[in-house]
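Structure below; questions to follow.
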Amino acid sequence: MAAQCTSVVAHIAVDHSLPHALVDDVLGPDVDVAFAAADRLAAWVEAQRLRLVAAVRTEGRSPLELVNGQSPHATTASLARVERRADVGALFPSFVTSLERGESSVSHLDRLGEALRRLLPHERDQLAGDAAHLLTIATAVSAARFGRHLAREVAPLERIRPVPDDATGSDDPAEARLAAQQVGIRLTSHTDRDTGMAVYRLALDPLRTISFEQRLSAMVEALHHGPPIPGCPVDPVERQSFLRAHALLLMLDGQGGNRRGGAEVIVVIDHTVPDDEPDVDWGQPVDIPQRVLDELLGAPTTKVIEVAVRNGVVIAAPGELDLGRSTRLANRAQRRALRALYRGCGVPGCDVGFDRCTIHHVIWWRHGGGTDLQNLIPLCGRHHHLVHDRGWQLRLGAHRELSVTTPSGRVMTTGPPRRWAA
């Protein structure tokens, strides 16, 4: 096995001319091809790392020994992450082969690992029996969509899991799952040894998630448009994380409307599709028993907002939707209407949810654009950064057909937003 490890390492330790060969012979002038090739190379390297971990384990050693050994740049955290991926690869070896071939990504493997951690040992074996089908899905869709597919695969296994007798008096599997989730609420923490900062991890059941996320998102939106906070990062992803942390601290201090138990529900009626069933939007992809949903809809603390849309246009919604130049910030009625049109970021193919988006003026406010519904679109932090700082230009048609023009002149277009097609 040592010889096998040496062989793999030798294969990785290629001549320094490899990057130049890739650029000259493979990538050429096509940047899209260059990125695809770089992704395949990164996937191949990670697959070799996973095979090395498996080989080291076969020799009765721990990969953590490499931290102070032959891999001086490795850290305990990075090797632990590779070991977790190797655990997934041991149960799903076909995924490592797929990674090696560049057919899937490390993110696909990590999504699979997240799903496995929710399962008991016999449930993991049951999921592994469907490895061929899961791999087919993984190689055809993004890691985010694969994660959502895994959630649907895992849910039935969790629902049949027994819960304490006093947790629920119902035989409904959905009720049992909710009871198990409520019992599973956790708050854990640790101190990061490198930064000295406390790191918290909060696990909430779907019911509490609805109220918590709505309050947090409202506070983040206020901070985003308020006075700058010292030290706020420029990077859009880091900025969002920074603002969410400060929003939570303000909530703990009792600011931002510290209401309890209330939830706002958007009921979307899409007349684009004949006889379409109303789409209930809780703001989160939650799975709640029908009885509990009915109780929430009828609760006096729950606000139900009905919005009717047709072919990308809001045809009926409460509140004032056109504010002109009277204010820069979108009001609550406009945000509700936009939520009825979009599940998340308005740029096609983006998986960021609506509550993680900023409401953007298509014709910028500084350029005379009004705060009118037809001039507003939700954008995630990354795409908002591309529009404001990287020269992306947006244009909305009469039915919200979106046209995106990049600085290179490339134009991407899409039709009206359709929630029912998501």
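The values are calculated or read from the model by the stated rules, or taken from the named source; none is laboratory data. Since the structure is predicted, the reported quantities are computational estimates derived from the model, not experimental observations. All Cβ positions, even for glycine, are placed from backbone atoms using ideal geometry, and neighbour counts span all protein chains on display.
Answer yes if at least one residue in region 372-388 is touching a Phe, Trp or Tyr at 6+ places or on another chain (Cβ under 7 Å), at pLDDT 90 or above and either in a strand (DSSP E or B) or surrounded by 13 or more Cβ atoms within 10 Å (Cβ to Cβ) (or both), and no otherwise.
Within region 372-388 (the criterion being touching a Phe, Trp or Tyr at 6+ places or on another chain (Cβ under 7 Å), at pLDDT 90 or above and either in a strand (DSSP E or B) or surrounded by 13 or more Cβ atoms within 10 Å (Cβ to Cβ) (or both)), the answer is yes, since at least one residue qualifies.
In region 282-295, is there at least one residue being at pLDDT 90 or above and under 24 Å from the mean Cα position of the chain (by Cα)?
no
To continue, here is another question. If I filter region 411-419 for residues that are over 22 Å from the mean Cα position of the chain (by Cα), surrounded by fewer than 18 Cβ atoms within 10 Å (Cβ to Cβ), modelled with pLDDT of 90 or more and at negative phi, do I get at least one hit?
Among the residues of region 411-419, not one is over 22 Å from the mean Cα position of the chain (by Cα), surrounded by fewer than 18 Cβ atoms within 10 Å (Cβ to Cβ), modelled with pLDDT of 90 or more and at negative phi, which makes the answer no.
Okay, next question. When you scan region 221-242, how many residues do you find that are more than 17 Å from the chain's Cα centre (by Cα) and either within 22 Å of residue 371 (Cβ to Cβ) or crowded, with 18+ Cβ neighbours inside 10 Å (or both)?
Within region 221-242, residues that are more than 17 Å from the chain's Cα centre (by Cα) and either within 22 Å of residue 371 (Cβ to Cβ) or crowded, with 18+ Cβ neighbours inside 10 Å (or both) number 8.
Further, regarding this structure: State which residue is nearest to residue 364 (Cα to Cα) when the search covers only region 289-330 and only residues that are polar (S, T, N, Q) and surrounded by 15 or more Cβ atoms within 10 Å (Cβ to Cβ).
Selected residue: 311.
Let me ask something additional. Residues of region 376-397 being basic (Lys, Arg) and touching a strand residue (DSSP E or B) at 6+ places or on another chain (Cβ under 6 Å), which ones?
Within region 376-397, just 395 meets the criteria.
Conditions tested, residue by residue: (1) more than 18 Å from residue 117 (Cα to Cα); (2) in contact with a Pro (Cβ under 8 Å, 6 or more places away or on another chain); (3) modelled with pLDDT of 85 or more.
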position: 140; (1), (2), (3): yes, no, yes
position: 150; (1), (2), (3): no, no, yes
position: 154; (1), (2), (3): no, no, no
position: 183; (1), (2), (3): no, yes, no
